[in-house]
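The values are calculated or read from the model by the stated rules, or taken from the named source; none is laboratory data. Every value quoted in this text rests on a predicted model; they were computed, and no experiment measured them. For neighbour counting, all protein chains shown are included, and Cβ atoms are generated from backbone atoms with ideal geometry for every residue, glycine included.
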Amino acid sequence: MERRDVQGHYEELAAEYDEHWVYGPDHIPWMSARIAETLRLTADDRIADIGCGTGLFTREVAKAVRPSRPVLCVDPSEAMLRRIGVPPPPGLVPVLASAEDMAEGNADLPHGRIDAMWLKESVHHLSDPARTLRGLAGRLAPGGRLLVVMLPATIQYPLFDSALRRFEELQPDPSDIVEHLTSAGLEAGLSYVEHELRIDRDRYFGMVRARYMSLLSTFSDHEIEMGIEEMRASHPEPVLVFPDRFAFVLGELPDQRGEGE
């Protein structure tokens, strides 16, 4: 297994990131709506997208919620943040920082406490998830919400077998994330959402070749090409249809303001 350089992976992928993640015209709006609904976002909330990438979902959430203060787009990749726009569009403020920087108070933020934040498909990059999530929970305002959006422990993507096996080896269990948030003092729960994907087979093979998932950065070029040949044999159909299922782990900080009055 090759050593994963997550930072380098996203720096290289930045220019083509949006192309690989926009599976279809309804995918981004669907996921963004689920995030906004789960976090119960309002225009008065101070909002942060931790690990925002190019801001694909941040833009959609901001367009739907129309927050009175700009949404913080937090990501450690300067190349990714540049894709948001220079200057960034109104309603979005890029913040060059990692989740760990946020958790440890090392990020320069225009807001103080955060009312709602989410991490989408980035928790598996954290070297110490319990510590980082505890630190992020400490940035919440009373009544604040922290949402971790992640793939479940197993997936039904039409990938080659060794990629699916490696995913299961590396992917955190959502129930462990619930425990981390509970230990951080949040009231945590787990739910699942699912969306059907339909992608042209050759386009999906191109996404795999470009390593659209960070998991695929652990494979050599030769292994990727061999994997695509395996996929080609297993999936002769011109359009791949498969479920995109996500675990939503929501932690809420009790609002104790006013108690004892």
| field | Residue check, LEU146 touching a residue at least 24 places away in the same chain (Cβ under 8 Å), assigned to a strand (DSSP E or B) and buried (at least 20 other Cβ atoms within 10 Å of the Cβ) | value | yes
| query | Counting only residues that are closer than 21 Å to PRO152 by Cβ and part of a helix (DSSP H, G or I), which one in the range 190-216 is modelled with the lowest pLDDT? | reply | SER214
| said: Can you go through GLU223, GLU237, GLU229 and tell me which one is in contact (Cβ under 8 Å) with a residue 40 or more places away in the chain, over 25 Å from VAL123 (Cα atoms) and not in a strand (DSSP E or B)? | reply: GLU223
| note | LEU133: passes all of (1) part of a helix (DSSP H, G or I); (2) surrounded by fewer than 24 Cβ atoms within 10 Å (Cβ to Cβ); (3) among the aliphatic types (A, V, I, L, M) but (2)
| How do the pairs read when you match residues in the range 168-185 that are at pLDDT 95 or above and part of a helix (DSSP H, G or I) with residues anywhere that are surrounded by fewer than 13 Cβ atoms within 10 Å (Cβ to Cβ) and hydroxyl-bearing (Ser, Thr, Tyr), using Cβ under 8 Å and keeping only pairs 6 or more apart or on different chains? | GLU168/THR154
| Here is a list of conditions, (1) modelled with pLDDT of 95 or more; (2) under 26 Å from ALA33 (Cβ atoms); (3) surrounded by fewer than 19 Cβ atoms within 10 Å (Cβ to Cβ), and LEU119 meets all of them except one; can you say which number that is? | (3)
| remark: In the set THR154, THR182, the lone residue that is touching an Asp or Glu at 6+ places or on another chain (Cβ under 9 Å), farther than 24 Å from LEU56 by Cα and of a type in the set (Val, Ile, Thr) is THR154
